[in-house]
1. Are there cysteines in the chain with no second cysteine's Cβ under 4.7 Å away, and if so, which?
2. Rolling a 1.4 angstrom probe over the protein heavy atoms, how many square angstrom per residue are accessible across region 193-235?
3. Excluding ligands, DNA and RNA, what is the solvent-accessible area per residue of region 19-112 at a probe of 1.4 Å, expressed in Å²?
4. Only Cα pairs within less than 10 Å get springs; with that Gaussian network setup on the chain, which residue of 309, 50, 266 has the largest fluctuation?
5. May I ask you to evaluate 6.51 cos²θ - 1.76 cosθ + 1.60, the Karplus curve with θ = phi - 60°, for each residue of region 353-368 and list the ³J(HN,Hα) values in order in whole Hz, giving x for glycine and proline?
6. Over the chain, what percent of the accessible surface lies on carbon and sulfur atoms, probe 1.4 Å?
7. Along the Cα-to-Cβ line of residue 117, 7 Å from the Cα, sits a label point; which residues in region 32-76 have backbone N less than 16 Å from it?
8. With θ set to phi - 60°, apply the Karplus curve 6.51 cos²θ - 1.76 cosθ + 1.60 along region 330-340 and write out the HN-Hα couplings as whole Hz, x wherever there is a Gly or Pro.
Amino acid sequence: MESIKGIYRIGHGPSSSHTMGPRRAAQEFLARNSGAKRFEVTLYGSLAATGRGHLTDRAILSVLEPEAPTTIHWKADVFLPFHPNGMLFESYFGESNTPREQWHIYSVGGGALANEESTAQQPEMIYEMNTIAEIQAWCDRTGCSYWEYVEQCEGPQIWDYLDRVWNVMQAAIRRGLEAEGVLPGGLGVRRKAGDYYIRSKGYSEAMRSRGLIYAYALATSEENAAGGEIVTAPTCGSSGVLPAVLFHLQQTREFIRPRMLRALATAGLFGNVVKHNASISGAEVGCQGEVGVACAMAAAASCQLFGGTPAQIEYAAEMGLEHHLGLTCDPICGLVQIPCIERNAYAAARALDSNIYATYSDGKHRVSFDRVVDVMRQTGHDLPSLYKETAEGGLAKDFAH
């Protein structure tokens, strides 16, 4: 597996696959084609179907247009075989109408890019073990925990990176709690995080705790929808789940910073296993690969913070993902707002429930996390395309641009 840095990418919303990935692709293409007279970009499949709502065109134009005029073409009905989020970049120099370079590239989720050539040249794989079963067996054999395996594979420098990740996560929550007004995009969705935070103060402890979880998840998700700086965990659309759980536990239990970073490491490991063996792309497997994986990551992190054994941590993560199986990606108007924002809040609460359920147990259960990952991958492939980030089915039906 690759570094967990690929799970935690710092950038601006509203979508890791539709905003961060295309922006990065434009930057890479521009670096090779500086001085071009004009650019043309063609978007395909899911990327084209919901690109306007996800600000894909703005992300690309913000990079290329300062250099040269850029035209974007939308082909939502054309799905390239490699991945639903396909792009074609073309550069033109002088008076020629023949492109100097044509580059097919795909935004495969979490801000990552890939194509047939990059797949043939695999990025550096720093994890020898690729399943939770293997890693859990190592934990049982050595007496170590999941985060110690991350440190062994990544090296001590991973803690500096996770420290930055944690800072950005907390900053996004604090900004989101203070911000007010209507989110961009035309749906008229008002920010609610601050209201939920204030109202939670008037309830008894149990209700207050749940209200705070909602508020923190809403805060990050609303910041993401507004194009603010967030951390993919594992994607922009699911970026509110893990920070909400960790922030709430840090605020209420006063865990020291190193323990928070270790929880991030464990969460990243579980997300990385899913990314390696299945997908975290909503356009490929639906929202189960985004919010479902985020819930599993948050469940694993919280279970570790409460002293769970490797078996209990695995069980918590398994429940977090299992109970999101089949979740469709059907954003209304292609915006990362309805139902995405509420899903983050519910998934954050469900992650804590998964932790509680797992810690009551001895960690033994029938269906393994790895098995659920396999089922999630197959379920995603079986879902019709209209339920995979095309804004053509489910809740988005009749709202497509």
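1. When partners are defined as cysteine Cβ atoms under 4.7 Å apart, the chain leaves 139, 144, 153, 236, 295, 303, 333, 340 without one.
2. Working: 1730 Å² over 43 residues.
It amounts to 40 Å² per residue over region 193-235.
3. Details: 3920 Å² over 94 residues.
Value returned for region 19-112: 42 Å² of accessible area per residue.
4. Judging by the Gaussian network model, the answer is 309.
5. Going residue by residue, I get 5, 4, 5, 4, 4, 5, 6, 6, 9, 8, x, 7, 7, 7, 9, 7 Hz, with x marking Gly and Pro.
6. Carbon-and-sulfur percentage of accessible area, whole number: 48.
7. Under cut-off, by backbone N: 32-34.
8. 9, x, 5, 6, x, 8, 7, 9, 10, x, 4
The values are calculated or read from the model by the stated rules, or taken from the named source; none is laboratory data. Just so we're clear, the structure is a prediction, and the values are computed from it rather than from any experiment. No Cβ is skipped: glycine too gets one built from the backbone with ideal geometry, and neighbour counts run over all protein chains shown. Surface accessibility is based on the protein's heavy atoms, side chains included, excluding ligands, DNA and RNA. Shrake-Rupley method; radii C 1.70, N 1.55, O 1.52, S 1.80 Å.
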